[in-house]
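Down below is the structure, laid out as structure tokens.
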Amino acid sequence: AQDDDERWLINQSVMKQLCSRSQAIIKRVLESRDDVKQHHDKYGMYGRRWNVGKDIEGLRQAIGGA
């Protein structure tokens, strides 16, 4: 991503929209991943509102989803 408008806070809500796994599984995986926290720290990505106004379909296409 070139700027903050293209960066996503990786959280349960976003992951639930991108995959069919349960909230419990998503939560467990995200909590076990230090690289997710490092990604957020690197770009100062904090707060529930970081992704507000962003297009989930654009993200889905960017990562090669259907």
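The values are calculated or read from the model by the stated rules, or taken from the named source; none is laboratory data. Note that the structure is a prediction, hence the values are computed from the model and not measured. For neighbour counting, all protein chains shown are included, and Cβ atoms are generated from backbone atoms with ideal geometry for every residue, glycine included. Side chains included, ligands, DNA and RNA excluded: accessible areas come from the protein's heavy atoms. Shrake-Rupley method; radii C 1.70, N 1.55, O 1.52, S 1.80 Å.
Could you list all residues from region 23-57 that are among the small types (Gly, Ala, Ser), open to solvent by 70 Å² or more (accessible area, probe 1.4 Å) and on the phi < 0 side of the Ramachandran plot?
Ser32, the sole residue that qualifies.
Report, by residue number, each residue of region 1-41 that is among the charged types (D, E, K, R), part of a loop (DSSP other than H, G, I, E, B) and under 13 Å from the mean Cα position of the chain (by Cα).
Arg7, Arg33, listed by residue number.
For region 1-22, enumerate the residues that are surrounded by 11 or more Cβ atoms within 10 Å (Cβ to Cβ) and either β-branched (Val, Ile, Thr) or over 19 Å from Leu59 (Cβ atoms) (or both).
If the condition is that a residue be surrounded by 11 or more Cβ atoms within 10 Å (Cβ to Cβ) and either β-branched (Val, Ile, Thr) or over 19 Å from Leu59 (Cβ atoms) (or both), then Ile10, Val14 are the ones that fit.
Pull out all pairs, ordered by first then second residue, where Cβ-Cβ is under 7 Å, the residues are six or more apart or on different chains, the first lies in region 5-18 and is within 15 Å of Lys37 (Cβ to Cβ), and the second is of a type in the set (S, T, N, Q) and open to solvent by 40 Å² or more (accessible area, probe 1.4 Å).
Gln12/Gln23
Please go through region 31-55 and pick out each residue that is hydrophobic (A, V, I, L, M, F, W, C) and closer than 13 Å to Ile10 by Cβ.
Answer for region 31-55, where residues must be hydrophobic (A, V, I, L, M, F, W, C) and closer than 13 Å to Ile10 by Cβ: Val36, Met45, Trp50.
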